[in-house]
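The structure under discussion appears below in the form of C-alpha cells.
The values are calculated or read from the model by the stated rules, or taken from the named source; none is laboratory data. Please read these numbers as outputs of a predicted model, since none were measured by experiment. Cβ placement follows ideal geometry from the backbone for every residue including glycine, while neighbour counts extend to all protein chains displayed.
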Amino acid sequence: MSEQSCYHCGLPVTADDHYSVTILGQPRAMCCPGCQSVAQTIVAIGMESYYEHRQQCPPGSSPAADLVPDFLDGLNNWDDPGLQESFVHQLPEGAREITLLISGITCAACVWLLEKHLNDQAGIHRCHVNMSSNLAVVSWNPEAISLSGIIKAIAHVGYKAEPYTPVQQEQSIKRENKQALTRIGVAGLGAMQVMTYAVSLYMGAFEGIDPAHETFLRWVSALVTTPVFFYSGMPFLKGAVRSLRNRHLSMDVPVAIALTFAYFSSVWATLTNGPEVYFDSVCMFVFFLLVGRYLEMRARHRSQNTSIRLSHSQMQTARKLDDQNHPTLVPADKLVPGDRVLVKAGEVIPGDGKILQGDSSVNESMLTGEQLPISKHQGDLVTGGTLNVEQPITLEISTLPKESTLSTLKRLLQRAEADKPATFVLADRIASHFVAAVLVTSVCVYSYWWFHSPQDAFWIVLSVLVVTCPCALSLATPTAITAATARLSQMGFLATRSHTIEGLRQVTDVVFDKTGTLTLGEFQLQETVAATTEDLYALLALAAALESVSEHPIARAFHPYTKNPDVKNLRIIANQGVEGTLEQATPTGKVERLLRIGKPEFAAPAGVSPQQPDKPGQWVMLADQNQVLGWFRIEDQLRADADNLVSHLQQSGKRCHILSGDSSGHAEVVAKKLGIESVISNATPEHKLSFIRSLQESGAKVLMLGDGLNDAPVLAGADVSIAVAGASDLAQVAADGILLSQSLQPLHNILNLVEKTYRIIRQNLSWAILYNLIALPLAAAGFIPPWASALGMSASSLLVVLNALRLNK
Amino acid sequence: MDIIFLLIPLALVLLVVAVAAFFWAVRSDQFEDLDREASRILFDEDTQPSAKEKSKSPEQPQ
C-alpha cells in the first residue's frame, strides 16, 4: 500500500487527517484523535521505547472507540460498592484486589507498558499482567484511587479493561497445563540421568566393564525409569487403552506397546542378567513425545483461552427499581421474575421481560443479525441481551436468568454442534495404517526368529518396535499444526477447535452471510434526490440537524454532515423518524415549518401519497407539512477487501455463495458488486441450514462465515465455520475460528497457510515413513544396536520439528 | 571405579531434590506466563524514568 499508515495502530491514514505525535524524535502520523491521545500519553509517561520493542500493532479500532465519553461515563458504575462485592477481594489493611480482563494486549511490550503505567499511579500497590491469559491482577488502596480511575488509566494507554471472573473451563486448562509440565519435568530429569548411565553401559560394552558395575548401573536406571514410565508415560498408556476400547488404532497404541515392551523387557533383563536394557530409550521416548504434545496443547489452550475471553460476556448490571421507583445497581444475574428494572437508552436489556412503561426501539441484531431496531411499546416482550436504542423503558423481568432466551439458545447450539459432520484427519488415517503394519511386521519377525533362533526372537522384536518408534510419525502432524496455529493467530485468526485447520484445507464452497459479514452494518448515505427545487446541500443540512438527536443506525449515516442550526424542537418518534421545526423568514413574515424525516408513511404530509424514487435500496423521506422535500438513499457499507477476497477465492477454484435473511434486494446488489452468482435471500435460519446440508450432500465441504446469533446453528452445521470480528458472543462460541481484524483479506492468506501446513505435514509424514521403511528391515535382520536406534529416533524427530518450524517464518 | 556406588546414590538424592523443586515451581504458578518472561529482560534495562517517577518521593520502592 502506498499510503501512510498510523504509527500507533497501523491503520491507513487518509490525506485529510492531520493527527501527529512526535515519537522517538520524529513526527509520526496518526489516524484518529484516539490514537493520538494514546500515543501522547505514552510519550508523556516516558515510555516511548514501547514503540521500539513491540512486535505488533494494537488492534486498530479499539483505542479510539474506547476513549469515547460513553465508555468513560459507564465506568463510574464500577465504583458502586454493591456491585464491587461480587468481583473485588478485600485484602488486609483496607486494600482491595481485582482481576481485570484486558483487551488489546498483543506482545510483551504491551505488558511492560501497562505495568509501568499502573505502578506509576498513586494508590496502586501492585499490578501483575499475565500476557498469555490477558488477565491483570491489581491491588490498590481505595482511598487513593477508585476502581474506575484504574480502568481509566488503562484506557489512557489504549487498552480496555473489565472486571473478570474465571470460568470453569479455564481452571481445567490450568490444571491440565500444570500436570503436563510436571510430567515433562520428571521425564526430562529422568532422561538426563538415565542417559548418563546408558553412555557408561555403552562404553562398557566396547571397552569392558566390571559385571558388578554393569548390574548396579542397570538397577539404578530401572529405579529412575520407573516413575518416568508410570507417571510421565501414563497419558500414552491410557490413550492406548481408550483407543483399543473404541476399536480405533491411534498413535498411542504403538507408542504404548513399544514403551511397555521396552520397559518390562529391560526390567526382566535386569532381573535375569539378560543381554540388553532399553531404559534410556524409554525415557527419551517419553520425554520427546511429551514435549511435542505439550507444545501442541499450549497452542490449543491459547486459542481456547482467547475464545473464552471473547465470549466472556461482560458483567451485566441492571438498574433495579424499589417501591419508591428509586434505582439501585445490581448484577443482572441476580434478577428474579417480578423485579422492575429501568433501562436507559443505549443500554443492554438485562433480562427477558415485559415493558411496563415507555416506547422505544430495540436492536436485536445479536438474535437476528438484523441491524435495524424494531419498535417496542408498553406490554411488548423484550429479550435479555438486546440493546435499547431510543428511549428509557421500565421492564418487569419475567424469567430467571438461567431460563432466559439467551441461555436456551446456548443449549440449542450445543445440540447443533453435536451433529456436526466429523472431519477426517489425515494423520489419523495414516497412523492407523502404519500401526497396523508395524504390529503385523512385529508378529512376522517374531515368528521368523522363533523358528530360527528362539533365544534372540524377543530382543529382535523389541528393537523392531523401538527403531520403528512412531515418534517422528506422531510428531509430524502436531508440530506442523502447532506452528500453523501460532502463525494464524499472528495473522489475526484464532483456530478454536482442533479440526479447524484440517477442515479449512478441504473447503470447496465458501458461504457468506450478508449482513455484518460482507458488510459492516454501518449505514452510509449513498444518494440524495431533491423533490423540489431546493438545494441538495440545504436539504442534507436539514436532514443532518433532524437526525442528530437519534442514535438509530440509519440516523447515524447523517451524523458526519453539517447541520442546519436553526432546526429546533427535535423529537424522536420511536422507530418512525424524527420531527422538528424550522423558522424561516419569508416575504410575508416568519413562517414555522414542521419538518419530518424517516419512514415514508411517517414523514409524508397528510394527503400526499409518497412516490419513492425508482431505484432499489433503503429510502428515507424528508418532508414538511405541505410537501415532500427530498429522498436519501442509505446503504450498508461493504467490508474493506471483500471484493478482493471473493475474486481470490474464485481464482483458487472455490465456489462462493451468499445466504441472507434480508428481503430488501440488497443481497443481490452486494452479490452483483462482488461477482457472486449464487445468492439466496430472505432465508430463515432453517433455510440456511438446509441449504448447507444440500451442498454437503452433493459432496461439498462448506466454510461458513457469519456473525449473528441467527447464524449460530448454521455455523455449527457447516463443515468449518468462521465468526468475523464483531460477531455476537454465541456465533463466536459456535464457530471453529474467529477472525479478529475488521478486514476479510486475511482469510485468503489463512487458506494459503493451511495449504502450506499440509505440504509440510505430508513432507514430515513421508520422511517418517521413509525412515521407518529403511530402519525396519535392518532392525528385523538384527543389525541395529539399541544406541543406534535411539539416535535414529531422536534425529528423525528433530528433523520433523525443524521442518514444522518453517511455518513460523 | 567403586566410587560410583557412593556417587550415583548421591546424584539420585540431588535428582529427587531437583524434581521436588520443579514441582514446587509449577505449583506456585511460576510457569503461568511463558510468553512474557521470555522478553521481559528486553524492557527493564532501557527504561527512561518518567517525569512522574522523578518527582515522586522515594516512598514507593520499585
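For the range A:589-602, check the following and say yes or no: at least one residue is modelled with pLDDT of 75 or more and at positive phi.
Filtering the range A:589-602 for residues modelled with pLDDT of 75 or more gives A:590-602.
After this cut, where a residue has to be at positive phi as well, the list is A:598.
Checking the range A:589-602: at least one residue is modelled with pLDDT of 75 or more and at positive phi.
Here A:A136 does not fit the description of being in a helix (DSSP H, G or I), touching a residue at least 24 places away in the same chain (Cβ under 8 Å), more than 10 Å from every other protein chain (Cβ to nearest Cβ) and crowded, with 21+ Cβ neighbours inside 10 Å.
Determine, yes or no, whether A:A472 is assigned to a helix (DSSP H, G or I), farther than 21 Å from A:Q696 by Cβ and at pLDDT below 70.
Numbers: assigned to a helix (DSSP H, G or I): yes; farther than 21 Å from A:Q696 by Cβ: yes; at pLDDT below 70: no.
Spelling it out, it is not the case that A:A472 is assigned to a helix (DSSP H, G or I), farther than 21 Å from A:Q696 by Cβ and at pLDDT below 70.
Of all the residues in the range A:502-555, those that are more than 29 Å from A:V754 (Cα to Cα) and either crowded, with 20+ Cβ neighbours inside 10 Å or of a type outside the set (A, V, I, L, M, F, W, C) (or both) number 27.
Screening A:D210 on (1) within 29 Å of A:L147 (Cβ to Cβ); (2) within 12 Å of another protein chain (Cβ to nearest Cβ) shows it passes everything except condition (1).
Restricting to the range A:165-186, give me the number of residues that are among the hydrophobic types (A, V, I, L, M, F, W, C) and more than 10 Å from chain B (Cβ to nearest Cβ). Outline the logic, then answer.
Let us first name the residues in the range A:165-186 that are among the hydrophobic types (A, V, I, L, M, F, W, C), namely A:167, A:173, A:180-181, A:184, A:186.
Okay, now just the ones that are also more than 10 Å from chain B (Cβ to nearest Cβ), so A:167, A:173.
Of the residues in the range A:165-186, 2 are among the hydrophobic types (A, V, I, L, M, F, W, C) and more than 10 Å from chain B (Cβ to nearest Cβ).
Of the residues making up the range A:87-113, those that are touching a residue at least 24 places away in the same chain (Cβ under 8 Å), among the β-branched types (V, I, T) and not in a strand (DSSP E or B) number 2.
Of all residues assigned to the range A:269-279, at least one qualifies as being more than 22 Å from A:I184 (Cβ to Cβ) and acidic (D, E).
Among the residues of the range A:189-210, count how many are surrounded by fewer than 18 Cβ atoms within 10 Å (Cβ to Cβ), under 15 Å from B:I4 (Cα atoms) and at pLDDT 90 or above. Residues that pass the stated criteria total 1.
Conditions (1) at pLDDT below 80; (2) out of contact with any Gly (no Cβ under 9 Å at 6 or more places or on another chain); (3) within 14 Å of another protein chain (Cβ to nearest Cβ), marked per residue:
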site: A:R96; (1), (2), (3): no, yes, no
site: A:L101; (1), (2), (3): no, yes, no
site: A:A108; (1), (2), (3): yes, yes, yes
site: A:E115; (1), (2), (3): no, yes, yes
site: A:H125; (1), (2), (3): no, yes, yes
site: A:M131; (1), (2), (3): yes, yes, yes
site: A:P142; (1), (2), (3): no, no, no
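Within the range A:229-243, can one find any residue that is under 30 Å from B:D2 (Cβ atoms) and either hydroxyl-bearing (S, T, Y) or touching a helix residue (DSSP H, G or I) at 6+ places or on another chain (Cβ under 9 Å) (or both)? Steps first, answer last, please.
Keep residues of the range A:229-243 that are under 30 Å from B:D2 (Cβ atoms), which gives A:229.
Checking the rest, the ones that are also either hydroxyl-bearing (S, T, Y) or touching a helix residue (DSSP H, G or I) at 6+ places or on another chain (Cβ under 9 Å) (or both) come to A:229.
Yes, the range A:229-243 contains a residue that is under 30 Å from B:D2 (Cβ atoms) and either hydroxyl-bearing (S, T, Y) or touching a helix residue (DSSP H, G or I) at 6+ places or on another chain (Cβ under 9 Å) (or both).
Screening the candidates A:L223, A:L244, A:L271 for the property of being within 39 Å of the chain's Cα centre (by Cα) and either closer than 27 Å to B:V16 by Cα or part of a helix (DSSP H, G or I) (or both) yields one hit, A:L244.
Among the conditions (1) of a type outside the set (A, V, I, L, M, F, W, C); (2) over 30 Å from the mean Cα position of the chain (by Cα); (3) at pLDDT 85 or above, A:Q121 misses just one, which is (3). Considering each residue of the range A:393-410 in turn, at least one proves to be more than 30 Å from A:R556 (Cα to Cα) and modelled with pLDDT under 65. So for the range B:31-39 (the condition being out of contact with any His (no Cβ under 7 Å at 6 or more places or on another chain), at pLDDT below 90, part of a loop (DSSP other than H, G, I, E, B) and among the acidic types (D, E)), does at least one residue qualify? Scanning the range B:31-39 turns up at least one residue that is out of contact with any His (no Cβ under 7 Å at 6 or more places or on another chain), at pLDDT below 90, part of a loop (DSSP other than H, G, I, E, B) and among the acidic types (D, E).
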